[in-house]
Amino acid sequence: MISILVNALSASAGGGLTYVRNIVPRLAARDDVRATLLLKPGFRDELGVWPNIKIVDPPEPVGAARRFLFEQHYLPALIRASGANVLVSAGNFALRNAPVPQILLSRNALYTSRDFYADLRQRGEYRLWLDTRTKGWFAKRSVQIADVTVAPSQAFADDLQRWTGTHVATIHHGFDHELFSRDATALPSTISDQLASTVGCLRLLFVSHYNYYRNFETLIRATARATQKLGHDKIKLILTCTLKSEDNPGAYRAESVARLVRELGVQQNVVELGSVPYRQLHHVYRACDIYVTAAYCESFAHPLLEAMSTGLPIVASDISVHQEICGRAAVYCARFSDEAFSEQIVSLSAAQRRRDELSAAGQARAADFSWRRHVEQIVALASNLVCESRRYRGCGRDR
């Protein structure tokens with residue numbers, strides 16, 4: 001029996017929450033693992049009660065810096081109290097002087113992204129630029145002090161190794177189509193009514209809250225170009241967010257992209273669903289025709305697996321992570337070329353056979369990813385670290 005403490009305090013939106021939702025059932029299903037999960041307050045009810053899983057949700061410190069300091073002081077005592085013999089830090093920052101072996105799960109590709117820093121300078125977001133640089137310093141040191149750092153894709157692992165000079169392992173995140181599509185609850189009427197209004201149009205889908213690195217602007221411009229060829233009443237870009245700063249997590253300001261929508265005259269072509277409950281998201285994928293993403297920075301991109309598993313052909317930016325995850329199940333465009341995106345969208349709109357080929361390839365590719373296998377690899381890595389630590393102690397040496 002191995003006892004693991006998973007520090008998931010940083011999981012609050014997007015991929016972080018997707019990760020927690022999916023690993024908990026797989027950890028609970030194992031009879032050789034006991035886990036303590038450190039989680040933000042408010043998510044305990046969503047996860048429910050699981051065998052062999054204890055959820056701890058301490059009062060949340062405000063801000064990343066305070067959370068970092070809180071973890072450095074709080075975690076060692078919690079590790080000892082829980083009886084954990086390995087720590088999994090699931091939020092980019094490692095614990096200094098951890099009392100047990102530590103696995104760092106690194107998943108924030110912004111710290112190594114030249115495109116992101118250039119984007120922030122262009123937008124005049126100097127405070128966010130400095131904040132990211134500062135967090136990046138801590139993230140880099142974390143990779144260097146953790147016993148093992150794990151990245152969710154080989155492309156991101158390669159970036160981290162170049163950045164830190166430290167070996168980084170790759171363990172792909174997983175996917176479970178049955179679990180993802182299990183909930184049969186109907187979508188809220190506020191969402192289903194908007195989707196119903198798009199029937200008869202070519203429906204492009206992009207799943208993300210608003211931020212800069214997902215490159216919404218290129219998709220908006222591509223949609224405007226496509227409407228010129230297909231007609232304004234023939235195409236809809238469906239977003240699972242609203243283009244309002246206050247409706248999205250983080251410090252990203254959406255006013256400029258909302259203004260772009262108005263300037264290009266595509267208000268009727270951009271459908272802002274708002275946040276969709278994760279358990280019901282599969283309904284939205286099935287209501288659409290093509291999945292699109294122009295993101296210029298990713299460490300994994302779960303929505304690509306969700307789209308492939310539901311049979312959507314994909315038009316994606318040509319970054320290495322997208323190509324690694326999708327393989328032949330997508331067509332790729334230069335990440336800032338709205339012209340290339342519009343050309344591929346228009347081409348696929350008239351090529352049902354090609355869409356069917358991409359759909360079949362995507363469903364096959366999605367089946368290659370498994371949360372069960374991901375957890376197996378993490379547990380095996382943890383077990384090896386514990387055994388190695390015990391051997392060192394047996395020899396009278398420090399870890």
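Restricting to the stretch 156-184, name every residue that is at pLDDT below 95 and loosely packed, with under 13 Cβ neighbours inside 10 Å.
Answer for the stretch 156-184, where residues must be at pLDDT below 95 and loosely packed, with under 13 Cβ neighbours inside 10 Å: Glu178, Arg182, Ala184.
Please go through the stretch 112-124 and give me each residue that is in contact (Cβ under 8 Å) with a residue 40 or more places away in the chain and charged (D, E, K, R), ordered by number.
Answer for the stretch 112-124, where residues must be in contact (Cβ under 8 Å) with a residue 40 or more places away in the chain and charged (D, E, K, R): Asp115, Asp119, Arg123.
Considering only the stretch 301-339, how many residues are under 13 Å from Ser359 (Cβ atoms), among the hydrophobic types (A, V, I, L, M, F, W, C) and in a helix (DSSP H, G or I)?
So the count comes out to 4.
Test of understanding: among Ala316, Ala340, Ala294, which residue is assigned by TED's automatic domain parsing to the domain that holds Leu230, in contact with a Leu (Cβ under 6 Å, 6 or more places away or on another chain) and more than 16 Å from Ala364 (Cα to Cα)?
When all the criteria are applied, what remains is Ala294.
Please pick out the residue among Thr198, Thr166 that is in the same structural domain as Asp233 (by TED's automatic domain parsing), of a type in the set (Val, Ile, Thr), assigned to a loop (DSSP other than H, G, I, E, B) and over 22 Å from the mean Cα position of the chain (by Cα).
The unique qualifying residue is Thr198.
For the stretch 93-108, enumerate the residues that are in contact with an Asp or Glu (Cβ under 6 Å, 6 or more places away or on another chain) and either among the β-branched types (Val, Ile, Thr) or assigned to a loop (DSSP other than H, G, I, E, B) (or both).
Across the stretch 93-108, the qualifying residue is only Pro101.
Can you tell me which residue among Leu260, Leu204, Leu195 is in contact with a strand residue (DSSP E or B) (Cβ under 6 Å, 6 or more places away or on another chain), surrounded by 14 or more Cβ atoms within 10 Å (Cβ to Cβ), modelled with pLDDT of 95 or more and not basic (Lys, Arg)?
The match here is Leu204.
The values are calculated or read from the model by the stated rules, or taken from the named source; none is laboratory data. Note that this is a predicted model, so its numbers are computed, not measured. Quick reminder, even Gly has a Cβ in these numbers, built from the backbone with ideal geometry, and neighbours come from all protein chains shown.
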